[in-house]
Amino acid sequence: MRIEKFQEADVEEILTLFYETIHTVNAKDYTKEERNAWAPKADFTEKLETWKHSLQKNITFVAKIDGDIVGFSDMDDQGYLDRLFVHKDYQGQGIAKKLVQHLEAVARERQIGKIQTDASITARPFFEKQGYAVLRKQRIKRKGVIITNYKMTKQLNEVKR
C-alpha cells in the first residue's frame, strides 16, 4: 500500500468509494433512509465538483494498492478531519490508521495542537483506538433525516524542536 497526495484525477474514484462504503460498511449502524440522506446517489455528479474543490483545498491523502484507491482522508488547515473512508473490500487492514497517521504528522509539522472530527457510529471505535475522545453525541439533519454522529478530538503532542 502507498499513501499519496490527492490528485484531481482521483475525485471520481474517491466519490465512488465514499458512496459504496456508506451503503455497505455503515449499513450495520445506519438505516437505509439514513444512508440515502447521507450519501444520495442522485447527488453524485453535483458532488464531483464540490468535492474536487474541497479535497484540493484541504490536506488530502489517498491510499493505493496496485494503483487503485482503497482509502482517503482529508483535513483542513485548522485541524478538522473532514473525511476518512476505506473501501468496503479493504476494511480492517490498517489503511485508515495509516491515513490518519499521515494527517497527524502534517498537523504536527504545522503546529496544529489538536484534531477534531465528526465520526460516524461506525467510525467511533476506530477513532477511540487512535486516541480520540468523544466530546458529545450529535444529531444532525441531512435531507430532512436525523443522523447520529460524534464530535471527537485528539490533542497532539507538542512539537519538539
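Would you point out which residue out of ASP29, ASP43, ASP10 is surrounded by 19 or more Cβ atoms within 10 Å (Cβ to Cβ) and charged (D, E, K, R)?
On the way: ASP29 fails: surrounded by 19 or more Cβ atoms within 10 Å (Cβ to Cβ); ASP43 fails: surrounded by 19 or more Cβ atoms within 10 Å (Cβ to Cβ).
It is ASP10.
Can you find a residue in the stretch 130-150 that is in contact (Cβ under 8 Å) with a residue 40 or more places away in the chain, more than 17 Å from TYR30 (Cα to Cα) and not in a strand (DSSP E or B)?
Among the residues of the stretch 130-150, not one is in contact (Cβ under 8 Å) with a residue 40 or more places away in the chain, more than 17 Å from TYR30 (Cα to Cα) and not in a strand (DSSP E or B), which makes the answer no.
Table: residues versus (1) free of Cβ contacts under 8 Å to residues at least 24 places away in the same chain; (2) within 30 Å of GLU109 (Cβ to Cβ); (3) among the basic types (Lys, Arg).
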residue	(1), (2), (3)
ASN26	no, no, no
PRO40	no, no, no
MET75	no, yes, no
ARG83	no, yes, yes
GLN91	no, yes, no
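Among the residues of the stretch 115-149, how many are within 13 Å of the chain's Cα centre (by Cα) and farther than 18 Å from LYS32 by Cβ?
9
If you go through the stretch 60-71, how many residues are of a type in the set (Val, Ile, Thr) and open to solvent by 20 Å² or more (accessible area, probe 1.4 Å)? Talk me through it step by step, then tell me what you get.
Initial filter on the stretch 60-71 (of a type in the set (Val, Ile, Thr)): 60, 62, 65, 69-70.
Remaining after also requiring open to solvent by 20 Å² or more (accessible area, probe 1.4 Å): 65.
Here the count works out to 1.
Go through (1) in contact (Cβ under 8 Å) with a residue 40 or more places away in the chain; (2) open to solvent by 20 Å² or more (accessible area, probe 1.4 Å); (3) not basic (Lys, Arg) for THR16 and report which single condition fails.
The number of the failed condition is (1).
Would you confirm whether or not the stretch 114-122 contains a residue that is touching a Leu at 6+ places or on another chain (Cβ under 7 Å), of a type outside the set (Asp, Glu), surrounded by fewer than 14 Cβ atoms within 10 Å (Cβ to Cβ) and within 19 Å of GLN78 (Cα to Cα)?
Yes.
The values are calculated or read from the model by the stated rules, or taken from the named source; none is laboratory data. What you see is a predicted model, and the numbers here were worked out from it, not measured in a lab. Reconstructed Cβ throughout: ideal geometry from the backbone, glycine too, with neighbour counts over all protein chains shown. Keep in mind that these areas ignore ligands, DNA and RNA; they rest on the heavy atoms of the full protein, side chains included. Shrake-Rupley method; radii C 1.70, N 1.55, O 1.52, S 1.80 Å.
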